[in-house]
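Every number here is computed from the coordinates shown, using simple stated rules; none is lab data. All of these numbers come straight from a predicted model, not from anything done at the bench. Heads up, the Cβs are rebuilt from the backbone with ideal geometry, glycines too, and the neighbour counts pull from every protein chain shown.
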């Protein structure tokens, strides 16, 4: 078995052996649309098998593993949205990392990007601890939720447009569920910025006629007191080169908290 079977005791596993599985994009659309609660949606996301390339890759990584994690069991499944069920701040990233979320079963957990992200969330009062190492480690988000535009780890960290579109109904429905309380949506990186616009439209947000270009600190009012906020992704490439600093992240999430109040 190259992935953790649902309902077998993994901490915070949202699914059971009876959770229905999407096998193609049509199944994703149907199962997302018919999810009656956020918990049901989260469970269905976590067992999706709609994209053959992504399924093959995530399970190959879970079997081969990285040497540093050779003795660990990898999650090897899609990584669902995680955090507060009624957030005021929704953070959208690109996709799980092969040896991060794909290993730990929680988005942005167990990789360098997550180290930067959760440390900043902790410093700005949106997380209860500064590290996020594995599911069940005591980490909790405070008034915030994190999701990804694509729920499976992609080869070279680059999902195809077809994979992005196949996965989008999960994000569409998640935004619908959390919309009543959300005041700020933070897009981490240009991919998430592009991916979130169709989801916002599907959820009924008021969008400007011309889509603003992505940039760090760009703010777009969406009506009803909701703001879309751009943030450079805390990838290793960005943090190693200084394009993203801890102070830059803290300013974004402090601003998100300010807007969310």
By count of other Cβ within 10 Å, fewest leading, how are 133, 239 ordered? 133, 239
Taking only Cα atoms and a 10 Å spring cutoff, compute GNM fluctuations for the chain and point out the largest among 85, 115, 71. 71
Can you pull a Stokes-Einstein diffusion coefficient for segment 85-131 at 4 °C (1.567 mPa s), Rh from Kirkwood over Cα pairs, as a whole number of µm²/s? 116
Looking only at 210, 39, 149, which one moves most when the chain is put into a Gaussian network model with springs between Cα atoms under 10 Å? 210
A student applying the Cα gyration tensor rule (rounded when a/c is under 1.5; otherwise prolate if a/b is larger than b/c, oblate if not) would label segment 96-190 oblate
Applying 1/(1 + (r/R0)^6) with R0 = 30 Å to the Cβ-Cβ distance of residue 251 and residue 202, what FRET efficiency is obtained, to the nearest 0.05? 0.50
In percent, what relative contact order does segment 5-147 have, based on Cα pairs under 8 Å that are 6 or more apart in sequence? 20
Tell me the relative contact order for the chain as a rounded percent, counting alpha carbon contacts under 8 Å between residues six or more apart. 19
Just rank 122, 74, fewest to most, by other beta-carbon atoms within 10 angstrom. 122, 74
Based on the Kirkwood radius over alpha-carbon pairs, what value in µm²/s does the Stokes-Einstein equation return for the translational diffusion coefficient of segment 1-42 at 10 °C and 1.306 mPa s? 139
Give me the Kirkwood hydrodynamic radius of segment 25-260, using the inverse of the mean 1/r over all pairs of distinct Cα atoms, in Å to one decimal. 17.6
Separation in nanometres of the label points that stand 7 Å from Cα toward Cβ, at residue 60 and residue 30: 3.0
Each label sits 7 Å from Cα toward the beta-carbon; between residue 86 and residue 162 the label points are separated, in nm, by 4.2
By average Cβ neighbour count within 10 Å, what is the ranking of 224-237, 186-199 from highest down? 186-199, 224-237
Mind pulling the per residue volume of the convex hull built on the Cα atoms of segment 122-261? Å³ is fine. 128
When only Cα pairs under 8 Å and 6 or more residues apart are kept, what is the percent relative contact order across segment 110-226? 17
The chain: antiparallel bridges as % of DSSP beta bridges, rounded to 5, reads 35
What residue among 53, 151, 211 has the largest mean-square fluctuation in a Gaussian network model of the chain, using Cα springs under 10 Å? 211
Once you order the gyration tensor axes a ≥ b ≥ c over the Cα atoms, which shape class does segment 19-144 get: rounded for a/c under 1.5, otherwise prolate or oblate by comparing a/b with b/c? oblate
